[in-house]
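Take a look at the structure set out below.
The values are calculated or read from the model by the stated rules, or taken from the named source; none is laboratory data. Here the structure is a predicted model, which means the values were calculated and not measured. In this analysis, Cβ positions are derived from the backbone assuming ideal geometry, glycine residues included, and neighbour counts consider all displayed protein chains. Protein only, heavy atoms only, side chains kept; ligands, DNA and RNA dropped before computing areas. Shrake-Rupley method; radii C 1.70, N 1.55, O 1.52, S 1.80 Å.
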Amino acid sequence: MSVVVLISGRGSNLQAMLDAGIPVSAVISNRVDAAGLALAARRGVATAVIEHGRYATRESFEAALAQEIDRRAPRLIALAGFMRVLTPGFVARYAGRIVNIHPSLLPAFPGLDTHARALAAGAARHGCTVHFVTAEIDHGPIVAQASVPVQPGDTAETLAARVLVEEHQLYPRAIRWILDGLVTVEDGKVRIEGQHA
Ligand code: GRF
């Protein structure tokens, strides 16, 4: 019932999972300089680096990634600031077993620079979304969301910091629901046992 976490950078969501007692069996980064690797090592979690630049194709990179993941036979793969687009083939291989956290209230603002875009759009609220990963980027079934107010004078940085606090609460909680078998997907929509629509 373990989770493999894929990162590319800081690793604050990884830290939140570890702090919450999520059983993380390995952390894999596509960047050797990802700060989250040192964090994982300090916590005694196995780490691996699969540098995408060393592979000629996306498929060969993903084959190496899959090999590393499969060694751990995880129940779930959690993307936490993992900055590589996954091919439909990779997503299909782990159908229903990959989750991501995205820093916006999807379906608003898929893609990058979400905080600046929310400010530019004049959004009154902003937030984060945990969703299953499908072939279409930032569009999979939504497991959980948390929102924050946009405040006068906010910059992308202040807004990002407010959202990040929520991310650290939401992601471990949603992962726990999945590990506990409380989450099912029907017609592209998530149902969580014990919660009403
Ligand atoms: C988070 O804002 C997350 O929503 C996004 O990338 C960022 C990763 O931050 N997908 P961290 O590496 O977990 O600190």
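I'd like to check something: does region 109-119 contain any residue that is part of a helix (DSSP H, G or I) and surrounded by fewer than 14 Cβ atoms within 10 Å (Cβ to Cβ)?
Looking for residues that are part of a helix (DSSP H, G or I) and surrounded by fewer than 14 Cβ atoms within 10 Å (Cβ to Cβ), one finds none in region 109-119, hence no.
Between residues in region 69-88 that are within 13 Å of I137 (Cα to Cα) and residues that are more than 10 Å from the ligand (Cβ to nearest atom) and hydrophobic (A, V, I, L, M, F, W, C), which pairs lie under 6 Å by C-beta distance while being six or more apart or on different chains?
L79/L6; F82/L6; P88/A135
So is R117 assigned by TED's automatic domain parsing to the domain that holds E186 and more than 12 Å from the ligand (Cβ to nearest atom) or not?
Yes; evaluated as a whole, the condition is true for this residue.
Only one of these is outside the structural domain of N13 (by TED's automatic domain parsing) and under 24 Å from R176 (Cα atoms): P149, P74, P107. Name it.
None of the others qualify; the one that does is P107.
Restricting region 13-58 to residues that are open to solvent by less than 20 Å² (accessible area, probe 1.4 Å) and in contact (Cβ under 8 Å) with a residue 60 or more places away in the chain, which is farthest from the ligand (Cβ to nearest atom)?
Of everything passing the filter in region 13-58, I22 is farthest from the ligand (Cβ to nearest atom).
Check A64 against each of (1) farther than 22 Å from L14 by Cα; (2) away from the ligand (no atom under 16 Å from the Cβ); (3) aliphatic (A, V, I, L, M) and name the one condition it does not meet.
(1)
Taking the criterion of being more than 28 Å from H115 (Cβ to Cβ) and surrounded by 17 or more Cβ atoms within 10 Å (Cβ to Cβ), would at least one residue in region 73-85 satisfy it?
Checked region 73-85: at least one residue is more than 28 Å from H115 (Cβ to Cβ) and surrounded by 17 or more Cβ atoms within 10 Å (Cβ to Cβ).
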